[in-house]
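Reviewing the structure listed below.
The values are calculated or read from the model by the stated rules, or taken from the named source; none is laboratory data. All values reported here derive from a predicted model rather than from experimental measurement. Cβ sites come from the backbone with ideal geometry, for glycine too, and all protein chains shown count toward neighbours. These area figures cover heavy atoms from the full protein model, side chains too; ligands, DNA and RNA do not enter into them. Shrake-Rupley method; radii C 1.70, N 1.55, O 1.52, S 1.80 Å.
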Amino acid sequence: KINTMKENLKSIDLGEGLGDLVFGMSRETVRKMLGEPTEIDGNAFKEEVGERTENWHYDDLKLSLSFQEPLEWELDTISVTDTFYELNQQSLIGKKLKLVKGMLEEMDITDLEMENHSDDANKKHTLLTSDAFLANFWFDDGILSEIQWGPEDEV
């Protein structure tokens with residue numbers, strides 16, 4: 001069952017979702033589709049009701065989903081950490097920074113900005129962001145370890 005389900009989640013669609021998983025889905029819909037998450041952690045940026053966030057981790061899928069209370073607990077961020085997932089039929093996880101940057105530019109993702117997030121724990125932790133596509137590409141020691149993205153703004 002998990003392989004069929006996983007096939008339906010292969011394609012990263014920036015601004016839209018991940019395969020059959022679409023931004024704006026309710027927690028109930030996601031639970032019906034993927035089953036119980038391995039772990040759920042709430043990370044309240046603000047303790048006030050109305051500002052809370054819930055993160056669901058599916059370890060077997062190497063997938064994390066974020067739901068925000070201000071958005072009626074709708075799916076609003078997806079993160080993947082496995083080479084299985086593809087953007088424009090190309091697997092990016094595990095590739096070097098320079099190569100990923102070139103591949104993204106070929107996909108017309110050209111508003112890339114680089115930020116250094118290194119600290120004692122993560123010596124070479126780099127973030128490549130695209131504001132236009134609301135996408136974050138996290139690199140550890142120059143290798144892509146995580147892709148994180150959200151829905152396009154409804155303008």
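Each row is one residue, and each column tells you yes or no for (1) of a type in the set (Val, Ile, Thr); (2) farther than 16 Å from Leu9 by Cα; (3) open to solvent by less than 80 Å² (accessible area, probe 1.4 Å).
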{"site": "Asn88", "(1), (2), (3)": "no, no, no"}
{"site": "Ser91", "(1), (2), (3)": "no, no, yes"}
{"site": "Leu97", "(1), (2), (3)": "no, yes, yes"}
{"site": "Thr110", "(1), (2), (3)": "yes, yes, no"}
### Query
Do we have any residue at all in the stretch 48-66 that's β-branched (Val, Ile, Thr) and in contact (Cβ under 8 Å) with a residue 24 or more places away in the chain?
no
### Query
Within the stretch 104-146, how many residues turn out to be farther than 21 Å from Leu63 by Cβ and touching a helix residue (DSSP H, G or I) at 6+ places or on another chain (Cβ under 7 Å)?
3
### Query
In the stretch 116-152, what count of residues is obtained for those that are in contact (Cβ under 8 Å) with a residue 12 or more places away in the chain and loosely packed, with under 11 Cβ neighbours inside 10 Å?
2
### Query
Which one of the conditions (1) at pLDDT 95 or above; (2) out of contact with any strand residue (DSSP E or B) (no Cβ under 8 Å at 6 or more places or on another chain) does Leu71 fail to meet, given that it meets all the rest?
(1)
### Matching residues, the stretch 22-33, being aliphatic (A, V, I, L, M) and either in a loop (DSSP other than H, G, I, E, B) or in contact with a helix residue (DSSP H, G or I) (Cβ under 7 Å, 6 or more places away or on another chain) (or both)
Met25
